[in-house]
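**Q** Here you go, one structure.
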Amino acid sequence: MKYFAIASLCLIVGAAEASAQVPTNLPPPSQAAQALQSALQANPSLGDIIRARITSSGLTPDQVRSLLQSRGYSPTLLDQFMGPQTPGQAAPVAGANELSAVQAIGLQLQAPAPAAESLPVDTGAIAAARRAALGIPAQKPESVTAPVVFGTDVFRRTTTQFLPMLAGPVPPDYRLGPGDNLVLILTGDVEQAYPLAVTREGFILIPQVGQVYVANLTLEELRDLLYTKLSRVYSGVRRGNHATTHFDISVASVGAIQPYVVGEVAQPGAYQISALGTVLTALYAAGGVTDLASTRNIEVRRAGKLVAQFDLYDYLLHGDTHSDVRLQTGDVVFVPVHGTRALVIGAVRRPAIYELKASESLPDLITAAGGFRSDASLRRISIHRILPADQRTAGGPQRLTVDVPLGRSPASRPGDSAGGGAVIPRIPLQDGDSVIVDSLAQVATHYVAIAGSVYQPGRFGLAPGMKLSQLIARAGGLKPATYEGRAHVDRLDQADTTHHIIPVALPADSGAPWTDDLVLQDYDSVTVYSRATMRDSLFVLINGMVNAPKKYPWREGLTLRDLILEANGLKIGADLAEAEIARLPSDRSQGQLAITARVPMDSTYLFDRDSAGRPIGPAGLPFKASGTPEVPLQPFDAVLILKQPGFEFQRTVDVTGEVKFPGTYALRSKDERLADIIDRAGGLTPRAYPAGVRFIRDFGNAGRINVNLGRAMSDRNSPDNLILQPDDSVQVPEFEPSVQITGAVNSPGSVLWQPGETLDDYLHAAGGLGRYAVSGRVSVHYANGEVRTRHKVFIFFSSSPTPDPGSIVVVPARDPNDKTDLVALFGSIAQALAGSLAIVLVVTKL
């Protein structure tokens, strides 16, 4: 439920924002309105969310009202959500208009979920909801491989809003207009404050002064005008230091304007934005620019005249906002189709597609891409170009590649981030050009490498005349157990790229002189060998009555006691008299595989003891207390820890059902039988039904075994008196004097068992066979788990099992839509007739 509430909250705010900023030339979609209404009904607690958000924002009620009025809403729209809620008062209901207003004044909503699951609703989510409500296709995420058009994605980021500041003083060049709210404060001889709203006609009404036209005036121009107006009413208002009445005029809140955004934008139309809004604000309200848009020449037209041209690259690349002019009502922001574009990839900091002005060339493109990366080769740049239409010929080339060599400047100039010290020719670019900047080759030079038995293997720089001894010293020296007989130097023949090995003898110790100190060459690779890696891994093996039987590394001085300790000690039931060790023979001429020997042990091999020093575990056979000699082990010895003769944990069987003392019994011996365990369980109860006993054997996955418990109890030498195995289960059921008939019969149910009754008698008692019954496969499931099925004996004769008390008769049914059973039936009849005919012929001949 909480996830639904969060998702609904995002939908509500997104739909509310959509309804507030739908372009005037598009009606609100009915589907969005229906989704908004259903989401509002599913979230009655949104009023509490809005109240909490307004309270936590720190805004006073007057500030909230001023912000609402500046955004074109009723100042009292959110009054019901301000201030504490009176106990017993119904929670206010939030509608689409209220949610849109909350978002418009810059308050972000959060769903009332646990802190780890709270979901802030930001402008990116609102823009996505608005696009969905208006039917605008969702913006595809940027591909990590496909080139992107630089600048067009800035409006698609959820963290980018371009909202004007709604608090604080307005800029000095801000011109007043309808919807603005001013505050006039008089001090001195007169103490008075007047809130003044700018009317749609551009006037403010000052008490005792009258109307003053303020439209399109800056605050400074208005102050100059008010000196004249106010001095006619207030004698103390005058310029200079002799004034006895002072005044100040400020903007409490700004109104809204409605510019038009057309051209290559996601959703062209007219939008209401803050009077402080700029070109970027309007573009963001329209959902951003398309991939076909020009971001270098966005026009602002006012009253049919071009008043500004906005270059987004100035803002993105240089942080210059001088052309991001403030808009007025009726302004048209026109985004044309892009001009010349070129793709730059390779060793530049920001590969992308860039738009170029007519005066810009190859160096400007590299500068826009952030300049060269540190791994750029700075030798050449290649331009892949589509030939102009007038230069193409039938069957001739359609594209060409222009190779541009780069020059090298004597020193990098300050701020030369694009060239990186290289001189880039000012070659003009054409639309569709692809510029590739090569990277440095991955092949390194002037190095040697060393691996193997040294402390710091790796790659090292090659100094002129560097010898092998110097490389080994730089690698930290030789490790112990280094093989001094020979090291290998792999040398590359750079003429034909072949390799050959140079063997080198190492000194016997670090202080000995070198007899073969080779002078190294570029790309030499040295391998120093260790004697330890030449050995086969030495191990010993232990199996049997230990807690962790496996292979263990052999070390000099390892004894049997040490190996048992590494194997986490002996298991309970281990034989402490002796252990067996299998050792590799020294002579295999007669086919020997191992030489075995028994070695003595004692009770000191039991490591787990209590505080009194007694071994922890059950009492076992008596063993020698101590004094046996230590047994050293050799590599590849295989140790077997024996088990005490006859030692075994208790074997248990389950006896349940109609016995006097049901339970889990431990067997006294390995030859205890079924009748014995029934006797230990107190015998059978008067309600017991021995013929229905269920005997289940888990040992060897044997499963159910049919036994006659009555015969086993009366004749102890009977085969039914089984020898019990671990985990056997004996279940003696209660006598049930009934027979259950199920399946394809006319009246399934249970009937009383009667001695001498046959299977057909019980089927008749159940109303007879049904229409689709398969009479030849009727089966009887006995109480002891045995199943017997009716089968034919000779042509028209069959043998039917006789139900016992507690049996279940199962009559299978054929599928009425399956013709296979009918074919089989006719086949059986045909076989029977053929057999009868053969008998008649034989009898006739006789």
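**Q** Report whether or not PHE636 is among the aromatic types (Phe, Trp, Tyr) and at pLDDT below 90.
**A** No.
**Q** Can you work out which of the residues in segment 753-776 that are open to solvent by 50 Å² or more (accessible area, probe 1.4 Å) and among the hydrophobic types (A, V, I, L, M, F, W, C) is nearest to ILE808 (Cα to Cα)?
**A** In this case the residue turns out to be TRP753.
**Q** From the list ALA712, ALA783, which residue is small (Gly, Ala, Ser), open to solvent by less than 20 Å² (accessible area, probe 1.4 Å) and either touching a helix residue (DSSP H, G or I) at 6+ places or on another chain (Cβ under 8 Å) or modelled with pLDDT under 90 (or both)?
**A** ALA712
**Q** Name every residue in segment 376-390 that is touching a strand residue (DSSP E or B) at 6+ places or on another chain (Cβ under 9 Å) and open to solvent by 70 Å² or more (accessible area, probe 1.4 Å), in order of residue number.
**A** Correct list: ARG379, ARG380, HIS384.
**Q** Given segment 624-690, what strands (runs of 3 or more DSSP E) lie entirely inside it while holding 1 or more residues that are among the β-branched types (Val, Ile, Thr), under 30 Å from VAL540 (Cα atoms) and touching a helix residue (DSSP H, G or I) at 6+ places or on another chain (Cβ under 7 Å)?
**A** 638-643
**Q** Quick check on my filter: what residues within segment 357-371 are outside any loop (DSSP other than H, G, I, E, B) and out of contact with any strand residue (DSSP E or B) (no Cβ under 6 Å at 6 or more places or on another chain)?
**A** LEU362, PRO363, ASP364, ILE366, THR367
**Q** If you don't mind, there's one more thing I want to ask. Which strands (runs of 3 or more DSSP E) sit wholly inside segment 501-571 and have at least 2 residues that are open to solvent by less than 70 Å² (accessible area, probe 1.4 Å), modelled with pLDDT of 95 or more and not aromatic (Phe, Trp, Tyr)?
**A** The qualifying strands (runs of 3 or more DSSP E) are 525-528, 539-544.
**Q** Something else about it: Go through (1) crowded, with 17+ Cβ neighbours inside 10 Å; (2) within 30 Å of VAL693 (Cα to Cα) one by one and return the number of the condition THR652 breaks.
**A** (1)
**Q** What's the number of the only condition in (1) exposed (fewer than 13 other Cβ atoms within 10 Å of the Cβ); (2) closer than 25 Å to ARG65 by Cα that ILE185 fails to meet?
**A** (1)
**Q** Given (1) more than 30 Å from MET713 (Cβ to Cβ); (2) open to solvent by less than 90 Å² (accessible area, probe 1.4 Å); (3) in contact (Cβ under 8 Å) with a residue 12 or more places away in the chain; (4) of a type outside the set (S, T, N, Q), where does LYS624 come up short, assuming only one miss?
**A** Of the numbered conditions (1) more than 30 Å from MET713 (Cβ to Cβ); (2) open to solvent by less than 90 Å² (accessible area, probe 1.4 Å); (3) in contact (Cβ under 8 Å) with a residue 12 or more places away in the chain; (4) of a type outside the set (S, T, N, Q), the odd one out for LYS624 is (2).
**Q** Please determine whether any residue of segment 715-732 is within 30 Å of ASP815 (Cβ to Cβ), touching a strand residue (DSSP E or B) at 6+ places or on another chain (Cβ under 9 Å) and at pLDDT below 95.
**A** no
**Q** With the structure loaded, tell me whether SER750 is over 30 Å from PRO549 (Cα atoms), of a type in the set (Gly, Ala, Ser), surrounded by 12 or more Cβ atoms within 10 Å (Cβ to Cβ) and in contact (Cβ under 8 Å) with a residue 12 or more places away in the chain or whether it fails that test.
**A** yes
**Q** Please state which one of GLY663, GLY700, GLY743 is at pLDDT 95 or above and within 59 Å of the chain's Cα centre (by Cα).
**A** It is GLY663.
**Q** Scanning segment 245-280 for residues that are polar (S, T, N, Q) and at pLDDT below 90, which turns out nearest to VAL337 (Cα to Cα)?
**A** GLN272
**Q** Can I ask one more? Of the residues that make up segment 644-657, is at least one over 30 Å from ALA681 (Cβ atoms) and in contact with a strand residue (DSSP E or B) (Cβ under 6 Å, 6 or more places away or on another chain)?
**A** yes
**Q** So which residues in segment 391-447 are at pLDDT below 80, of a type outside the set (Ser, Thr, Tyr) and closer than 19 Å to PRO363 by Cβ, if there are any at all?
**A** Result: ARG408, PRO410, ALA411, ARG413, PRO414, GLY415, ASP416, ALA418, GLY419, GLY420, GLY421.
**Q** Here is a list of conditions, (1) among the aliphatic types (A, V, I, L, M); (2) free of Cβ contacts under 8 Å to residues at least 24 places away in the same chain; (3) in contact with a helix residue (DSSP H, G or I) (Cβ under 9 Å, 6 or more places away or on another chain), and ALA512 meets all of them except one; can you say which number that is?
**A** So the condition that ALA512 fails would be (3).
**Q** Let me ask you something else. Quick check on segment 255-262. Is at least one of its residues under 30 Å from ILE185 (Cα atoms), open to solvent by 10 Å² or more (accessible area, probe 1.4 Å) and in contact with a helix residue (DSSP H, G or I) (Cβ under 9 Å, 6 or more places away or on another chain)?
**A** yes
**Q** Among the residues of segment 211-248, how many are closer than 27 Å to GLY330 by Cα and assigned to a strand (DSSP E or B)?
**A** 3
**Q** Looking at the structure I just gave you, is THR685 open to solvent by 50 Å² or more (accessible area, probe 1.4 Å) and among the β-branched types (Val, Ile, Thr)?
**A** no
**Q** Name the residue that is most open to solvent (accessible area, probe 1.4 Å), counting only residues in segment 572-587 that are closer than 20 Å to VAL540 by Cβ and not in a strand (DSSP E or B).
**A** SER586
**Q** Yes or no: ARG373 open to solvent by 50 Å² or more (accessible area, probe 1.4 Å) and at negative phi?
**A** In short, yes.
**Q** Can you run down the residue pairs with Cβ atoms below 6 Å, 6 or more apart or on separate chains, where the first is in segment 695-714 and in contact (Cβ under 8 Å) with a residue 24 or more places away in the chain and within 17 Å of GLU658 (Cα to Cα) and the partner is charged (D, E, K, R) and in a strand (DSSP E or B)?
**A** Cβ pairs passing all conditions: ILE696/ARG704.
The values are calculated or read from the model by the stated rules, or taken from the named source; none is laboratory data. Remember, predicted model here, so these are calculated numbers, not experimental data. FYI the Cβ positions are ideal-geometry reconstructions off the backbone, even for glycines, and counts take in every protein chain you see. Ligands, DNA and RNA are stripped out before the accessible areas are found, and what is left, the full protein with its side chains, is counted by its heavy atoms. Shrake-Rupley method; radii C 1.70, N 1.55, O 1.52, S 1.80 Å.
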